[in-house]
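K.L.:
Input: one structure, supplied below.
The values are calculated or read from the model by the stated rules, or taken from the named source; none is laboratory data. As the structure is a prediction and not an experimental result, all values here were calculated from the model. Glycine gets a Cβ as well: all are built from the backbone with ideal geometry, and neighbour counts include every protein chain shown.
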Amino acid sequence: MIDDYYNEQEQWERVKQWLRENGLWIILGILLGLGALAGWRWWEQRVETRHQSASAAYGLMLDTLATGDRAKALVLADELRREHGSSPYADQADLLAARADVEVGKFGEAVVRLTRVMKGSKDEQLRLVARARLARVELAQNNADAALRTLGGAQPGAFTALYDVVRGDALYAKGDRAGALAAWRKAEAVGIPAGSAPTVDAASLQLKIADVLADGVKDVAAPAGTTAAAAPAAPVAVKP
């Protein structure tokens, strides 16, 4: 029993000696860990607060647009971009503001906004939408060549049909009706990928095809590897 007591006493003395030698570092480590945890929680709270603020600003812009006050809505879009430039809400606001600009003929302002989203958004889908809308604005500026270059700058993915429609519009503007028909037929054949929302107005597309056919343009077969898809019951048009 005495030997056991001395063994325990020696072990305790060793523990106390180790604590005297390393206790400061242990305390510092604990403090650093607590500081890192507090910093992380602060950062999460800051991100959430900024997200809520950006969401509220975007909602205010939507409400302002709904009242018809386009000028104020554009001011709010610019404020949202300045204060929350890295937020996806800023990109969404730019897309809406660009449409408002187009409605009053401010194509230059729309180009700036759409280019900013096309090049800077972290969301690939938003970048693709902005690119297609930019091409439409360039068409409205009577610059079909620029529109074709814009469309050729990225792989459209789920927006293939939309890109083909706009490409057809650009070719038609250049007087290439056969090329336009081929692009529109391709859009018709691509259809809508499973699980995706419609990106083109199927009724409008059919009217374009019918118009060039009525002008005597020779019809083209659907591109190899594609199959025609039925038009959606309620197509949603994507406009600039």
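K.L.:
Among residues belonging to the range 166-208 that are among the β-branched types (Val, Ile, Thr) and at pLDDT below 95, point out the one that is farthest from the chain's Cα centre (by Cα).
P.N.:
Step by step, filter the range 166-208, then rank; the result is Val190.
K.L.:
All but one of (1) touching a Phe, Trp or Tyr at 6+ places or on another chain (Cβ under 8 Å); (2) of a type in the set (Gly, Ala, Ser); (3) in the same structural domain as Gln206 (by TED's automatic domain parsing) hold for Ala158; which doesn't?
P.N.:
The failed condition is (1).
K.L.:
Assess whether Ala154 counts as being among the small types (Gly, Ala, Ser) and in a helix (DSSP H, G or I).
P.N.:
In short, no.
K.L.:
Within the range 111-127, is there a residue that is in contact with a helix residue (DSSP H, G or I) (Cβ under 7 Å, 6 or more places away or on another chain), closer than 28 Å to Gly175 by Cβ and surrounded by fewer than 18 Cβ atoms within 10 Å (Cβ to Cβ)?
P.N.:
yes
K.L.:
Picking from Gly85, Gly105, which residue would you name as being in a loop (DSSP other than H, G, I, E, B), modelled with pLDDT of 90 or more and outside the structural domain of Leu162 (by TED's automatic domain parsing)?
P.N.:
Of the residues listed, the single one that is in a loop (DSSP other than H, G, I, E, B), modelled with pLDDT of 90 or more and outside the structural domain of Leu162 (by TED's automatic domain parsing) is Gly105.
K.L.:
Please find, within the range 131-146, the residue that is surrounded by the most Cβ atoms within 10 Å (Cβ to Cβ) out of those that are of a type in the set (A, V, I, L, M, F, W, C) and farther than 17 Å from Glu103 by Cβ.
P.N.:
Ala135
K.L.:
Given the options Thr115, Thr64, name the one that is of a type in the set (S, T, N, Q), under 27 Å from Ala135 (Cβ atoms) and assigned to a helix (DSSP H, G or I).
P.N.:
From the options Thr115, Thr64, the qualifying one is Thr115.
K.L.:
Cβ-Cβ distance below 8 Å, separation of 6 or more or different chains: which pairs start in the range 197-216 with a residue that is assigned to a helix (DSSP H, G or I) and end on one that is of a type in the set (Gly, Ala, Ser) and crowded, with 19+ Cβ neighbours inside 10 Å?
P.N.:
Leu205/Ala187; Lys208/Gly168; Lys208/Ala180; Val212/Ala180
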